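Read-outs throughout are calculated quantities, based only on the coordinates presented, and are distinct from any laboratory measurement. Since the model is a prediction, treat every value here as computed from it, not as a measurement. Neighbour counts run over all protein chains shown; Cβ positions are idealised from the backbone, glycine included.
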Amino acid sequence: MDTEWMDNGLCRQVAPSTFFPNDGVGVDVARRICASCPVQAPCLEYALVERIDHGVWGGASERERRRILKRRRQEAAAAR
Ligand code: SF4
């Protein structure tokens, strides 16, 4: 999968630990950075396709990504 978008991620300007928070407050901090990141969409898609379990990617926490994947599976099943 293409990873050139990573060069333009805003997270390159902050400590990597920011995107691996231990609590909801930390998730919100990371999400706020992602919200103004120019590569949010490809970042989220990358994390979903690669099944990345940890951290905030594309503005979504682990739990949110699991929900997105579950919804996609349900939609795919319904379309069959
Ligand atoms: S969306 Fe968030 S995690 Fe992804 S590249 Fe941008 S700042 Fe980094």
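Numbers below:
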{"read-out": "Every pair of residues 6+ apart whose Cβ atoms lie under 7 Å, when the first sits in the range 34-61 and is among the β-branched types (Val, Ile, Thr) while the second is part of a helix (DSSP H, G or I) and within 9 Å of the ligand (Cβ to nearest atom)", "value": "39/5; 39/8; 56/19; 56/30; 56/31; 56/34"}
{"read-out": "Residue list for the range 31-55, restricted to those being in a loop (DSSP other than H, G, I, E, B) and farther than 17 Å from residue 7 by Cα", "value": "50, 51, 52, 53, 54, 55"}
{"read-out": "Test: residue 44 is touching a Gly at 6+ places or on another chain (Cβ under 7 Å) and surrounded by 16 or more Cβ atoms within 10 Å (Cβ to Cβ)", "value": "yes"}
{"read-out": "Some residue of the range 12-20 being within 12 Å of the chain's Cα centre (by Cα) and more than 9 Å from the ligand (Cβ to nearest atom)", "value": "yes"}
{"read-out": "Output for the range 5-30, where each listed residue is assigned to a helix (DSSP H, G or I) and within 13 Å of residue 62 (Cβ to Cβ)", "value": "19, 24, 26, 27, 30"}
